[in-house]
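Novice: Questions regarding the structure given below will be posed in turn.
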Amino acid sequence: AQKEIYEEGIESFNSQIGRELEESESQDKRTDSLLLIGALVVLAISYAAWLSVLRGLQRWRADLKQAVGERERAEQALRRAHAGLEVRIGERTAELGKTNQALQAEIAERKRAEKALQEIELRLAHAMSLAQLVAWEYGVASRLFNFSNRYYVLHGTTAELEGGHLM
């Protein structure tokens, strides 16, 4: 009877251990499944995050490439504008040089004319002071010669010249 009780106890123990082992294996399988699902979820989230980062980097790279291209085009346009400006500055400098030369020539001519006029005025003043008879003057605005002579002054008349002709 003890043997039967012992056998029943062993059988009960074995069956309880078997149930617990099956339950433990089932629990382990569920835990493994949950861990595997968790790992897959983490992997999927990580993959999605990396894809998002990669897409962001690709957009950033494309934007950067576009910005670099725009900058290069702007720099080329600036270089062309600079070259055009240099040409225009050279042309304008040449024009100003020619104008300056013309002005210097005109100034020199005016100085020569002023000097000649001063000489003529001095000669005339000298001649009038020697002769004490003739005085004449040209009005630039009126284009008239005002001519006086001691004879006309003494006789109360005047004579006018226009364009070198007596009126």
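Novice: Given H placed on each backbone N at 1.01 Å, which residues far from residue 144 in sequence or on other chains put an amide H within less than 5 Å of it?
Specialist: HN-HN under 5 Å from residue 144: 139.
Novice: How large is the translational diffusion coefficient of segment 1-72 in µm² per second when you combine the Kirkwood radius over alpha carbon pairs with Stokes-Einstein at 10 °C and 1.306 mPa s?
Specialist: For these conditions, the coefficient is 90 µm²/s.
Novice: Cα convex hull of segment 48-113: how many Å³ per residue?
Specialist: Spread over its residues, the Cα hull of segment 48-113 gives 48 Å³ apiece.
Novice: How are the alpha carbon pair distances in segment 1-122 distributed across 5 Å bins from zero to the largest one, expressed in percent?
Specialist: Each 5 Å bin holds this share of Cα pairs: 3, 7, 6, 5, 5, 5, 4, 5, 4, 4, 4, 4, 4, 4, 3, 3, 3, 3, 3, 3, 2, 2, 2, 2, 2, 2, 1, 1, 1, 1, 1, 1, 0, 0, 0.
Any read-out appearing in this document is the output of simple, stated calculations on the displayed coordinates, not a laboratory observation. Predicted model only: the values in this text are computed from it and were never measured.
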